[in-house]
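I have placed the structure first, in the form of structure tokens, so that the comments after it can refer back to it.
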Amino acid sequence: MSKLSLNRTQLKFIAIVSMVIDHIAWGFVDFYSPLGQILHVCGRLTVPIMCFFIAEGFRKTKDLKRYIFRMASFAAISIIPFYLFFHEEYDYRQNIIFDLLLGLLLLTVLENKKLKKWAKVLLVILIFGVSAGIGGWIITPLLFILAFYYGKTFRQKALWFIIADVVTVVFLMVTITLNNVYHFSKYDWVWWDKTYLLGFMLALPLLYCYNGEKGKDYFGRYFFYIFYPAHFLILYGVKVFMQGDVSKWGLYLGSHVIALVVILVITILTAFSQPSRGQSSVLLIAVGALFYTGGFILEILSDTVEGVHFACIVEYFGEYILLISVVYFIGVLCSKKVPHFVYILLTVISLIFMYMLIRTRVDGYFYKVVDVNREGIFSRPELVYGPGFYMSISYIIFISVISSIFCIIGVKNGSPIQRKRLIYVVVAVVFCWLPYVVKLSGITGGYEIPALGIVCAAVSMYLCLLRYGFLDSVMVAGTNALDHSREGILVYDILNHITYMNKRVEAVFEGLKIGFDLKNHEQLSEIISEKTSTAVVEGKTYDFVIEPLKENEYVIGHMLWIIDNTEHYATLEKVKDKAIRDSLTGLYNRGRFSELVDEDLTKGLGGTLLMMDMDDFKLVNDRNGHQVGDAVLKALADILKTLPEDLFYSGRLGGDEFCGFIRGEEDEEKVGRLLKELAERFEKRIEMLGFEGVTSISIGAIKSSNVRNKTFKDMYSSADKILYEAKMAGKRRYIIK
């Protein structure tokens, strides 16, 4: 029976299901009831799984600072939702993401090799102190993370984890028993109250099944982070509703708080995207939206004229930031450079209107009257518009209209990707104005509901950016970048028809067109069928790499990378040549020469092996120096290299010892003529060099048919003995056997 296999995404889904079960039990089920105990035990899977992935994440992350910042950001975002749901139980203590952040910081400190020991000790004590003081789980997650990180095998990790869990539960039992006597804590627990924490160990079988794979991100990489605060808000809303504490004012305020949280999350997600002009423009829009939404929440909460006036200032400050950032955003989106004076002008106009608004209670120019209407379900601002307001609203409408016109022009003239993005932007602009249209219709009773428009616009905008890649500025610039790439990039569908190719492909393979069937191309048909991955085109050597293109796990086509590796192969050939040739003479070295001989003998080709040695070569070096000796060695090598390699190849075994193999030839008369010719040519060559009489060569030759085992080793041994005979017979001669 095969082992159950779980990837990271599957384990995290198990963790959040367990978490929701646990939190439902905390909010709606009596803790001491059998159902409550069962649900809480089921809810223990979350913490171990999350601690396990903190240890894994620390080990595998490529950007630790970014990882810590992400954890800290979502720990901060979760503070209010966590407190709303858990304030009666936890008071000032923090959420589990905060606990996991402490664990991540703990590993960072322990693994930092630059920190001195005393600094590490102080920081570790500080982290454990913070966990004990305000952590949600009080040290326990830190112990789990340490067990999972430092355990060398899963068995060791599990053992240390179990010890930490049992010690924690025993410690709590003792503490609770002492508290029942000395009453040093407000919590009135019984001694067995925390035994359900032993349920943490139920996560170990699941973690044992972890296969190390990431799994598919069904809802995006930040889903698990966002889910944590979001589910608290939902459960809190359900709890308030069931308790009958909900009111229209609460719903009104809550909807705008949710809008603020959504924008904050989008801001953080944008901040985590790749740095680009697109990223900065979206961040500016998000900041403007945060100010506007925050100002409106202040307006809802305000019951005084001063509070309403301040809320209006914050709102309009956000609106003016939005206007400037939208102009910047549209310019980037449409690939148009907006002159700097435009931004300066917009900033000056915005500051003038802000000044009018700040002074309006004195001169009444922006609002003639600022008051609070306390009639109706809850209070709302009572504003009498002045000239400044109408000028401001005209300015806002003007910028919105101009931006929309640019978007419409972009939709008409832009690339397909730009058109899709711009349509989303136009939809977002419509959503922004929709709440005011709804207000004018009278449906809301005169109350403004900007949260509806803000959330819809933010989601629409972010979907545009997420789906069509604006945040990393890749897809708009993609075609241009690909056309300037040094590599050829060709995309073809499952029918092998070309759907895209950059200019580099056109330069390498002339005549290709979009829609062309690659099966009809002699070279490329071999490539896409993976019969070869290298081809020579017009004297250049190219490597080809095929990557599948998938959509929802289905292959919809392929991308073919065409890489010019001519220089690489030339360099490789040089390196290979150096590895098999003697550096002084350029002949094959002993290893390569022996391989060639064995290859011919294995093929049954046969032939005659020559062993050549210079007579009294030591005296050449002693009397004339090593430079002359090297010149003599090169002289013989040059003669050997003049013979056609398909009939004869040669090598230098070392020192003044050379060898050669006459391929397929054993006729003694023909071999003798060749050896005599080699000896005479050598003597003439050294005579030309001015070294007449300094040395000569002796040669021993063995025919393959006269050797029992047809190997280089055996032929070399025989030829070496024959060479010795030639030397003993008086030198400057050859012997063939």
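The values are calculated or read from the model by the stated rules, or taken from the named source; none is laboratory data. It should be emphasised that the depicted structure is a prediction, and the values quoted were computed from it without experimental measurement. When we count neighbours, we look across all protein chains shown, and the Cβ atoms used for this are built from the backbone with ideal geometry, even at glycine.
Scoring K412 on the criteria (1) at pLDDT below 70; (2) touching a Cys at 6+ places or on another chain (Cβ under 9 Å) leaves a single failure, condition (2).
How many residues does region 521-568 contain that are in a strand (DSSP E or B) and not polar (S, T, N, Q)? So the count comes out to 25. Summed over region 10-57, the residues that are among the polar types (S, T, N, Q) and without any contact (Cβ under 8 Å) to a residue 12 or more places away in the chain give a count of 1.
Could you tell me whether any residue of region 272-281 is at pLDDT below 80 and within 22 Å of I97 (Cα to Cα)?
So the first thing to find is which residues in region 272-281 are at pLDDT below 80, and the list is 272-281.
Going one step further and asking which of them are within 22 Å of I97 (Cα to Cα), we end up with 272-273.
Yes - at least one qualifying residue is present in region 272-281.
All of (1) assigned to a helix (DSSP H, G or I); (2) of a type outside the set (D, E); (3) in contact (Cβ under 8 Å) with a residue 60 or more places away in the chain hold for S717 with one exception: (3).
Just one of Y367, Y385, Y390, Y320 is more than 49 Å from the chain's Cα centre (by Cα) and crowded, with 20+ Cβ neighbours inside 10 Å; which is it?
Numbers: Y385 fails: crowded, with 20+ Cβ neighbours inside 10 Å; Y390 fails: crowded, with 20+ Cβ neighbours inside 10 Å; Y320 fails: more than 49 Å from the chain's Cα centre (by Cα).
So the residue among Y367, Y385, Y390, Y320 that is more than 49 Å from the chain's Cα centre (by Cα) and crowded, with 20+ Cβ neighbours inside 10 Å is Y367.
A residue that is closer than 23 Å to G672 by Cα, among the hydrophobic types (A, V, I, L, M, F, W, C) and either modelled with pLDDT of 85 or more or in a helix (DSSP H, G or I) (or both) can be found somewhere in region 569-587. On inspection, L357 passes the criterion of being assigned to a helix (DSSP H, G or I), assigned by TED's automatic domain parsing to the domain that holds V257 and either in contact (Cβ under 8 Å) with a residue 40 or more places away in the chain or over 24 Å from L260 (Cβ atoms) (or both).
In region 632-656, which residues are aliphatic (A, V, I, L, M) and surrounded by fewer than 16 Cβ atoms within 10 Å (Cβ to Cβ)? So that I can check it myself, show each step before the final result.
First, the residues of region 632-656 that are aliphatic (A, V, I, L, M): 632-633, 635-637, 639-640, 643, 647, 653.
Listed by number, the list holds a single entry, L647.
The residue that is farthest from the chain's Cα centre (by Cα), counting only those in region 609-627 that are part of a helix (DSSP H, G or I) and among the charged types (D, E, K, R), is R623.
Of the residues T347, T293, which single one is within 28 Å of I79 (Cβ to Cβ) and in a helix (DSSP H, G or I)? Give the steps one after another, and end with the answer.
Working: T347 fails: within 28 Å of I79 (Cβ to Cβ).
Only one candidate qualifies: T293.
Among the residues that make up region 288-300, is at least one of them surrounded by 15 or more Cβ atoms within 10 Å (Cβ to Cβ), under 16 Å from E382 (Cα atoms), touching a Pro at 6+ places or on another chain (Cβ under 6 Å) and among the hydrophobic types (A, V, I, L, M, F, W, C)? Checking region 288-300: at least one residue is surrounded by 15 or more Cβ atoms within 10 Å (Cβ to Cβ), under 16 Å from E382 (Cα atoms), touching a Pro at 6+ places or on another chain (Cβ under 6 Å) and among the hydrophobic types (A, V, I, L, M, F, W, C).
In the list I127, I134, which residue meets the criterion of being hydrophobic (A, V, I, L, M, F, W, C) and more than 31 Å from the chain's Cα centre (by Cα)?
Numbers: I127 fails: more than 31 Å from the chain's Cα centre (by Cα).
I134 is the lone residue from the list that is hydrophobic (A, V, I, L, M, F, W, C) and more than 31 Å from the chain's Cα centre (by Cα).
One line per residue, one yes/no per condition, for (1) surrounded by 15 or more Cβ atoms within 10 Å (Cβ to Cβ); (2) not charged (D, E, K, R):
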residue: E677; (1), (2): no, no
residue: S696; (1), (2): yes, yes
residue: S704; (1), (2): yes, yes
residue: N709; (1), (2): no, yes
residue: E725; (1), (2): no, no
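For region 46-57, the criterion of being touching a helix residue (DSSP H, G or I) at 6+ places or on another chain (Cβ under 8 Å) and over 19 Å from L143 (Cα atoms) is met by no residue. Given the criteria more than 16 Å from D656 (Cα to Cα), assigned by TED's automatic domain parsing to the domain that holds Q627 and at pLDDT below 85, does E692 qualify? Here the answer is yes, as E692 does meet what is asked.
Residue check: F52 meets all listed conditions (1) surrounded by 21 or more Cβ atoms within 10 Å (Cβ to Cβ); (2) over 18 Å from G212 (Cα atoms) but one, namely (2).
Of all residues in region 1-55, those being of a type in the set (K, R) and modelled with pLDDT under 85 number 1.
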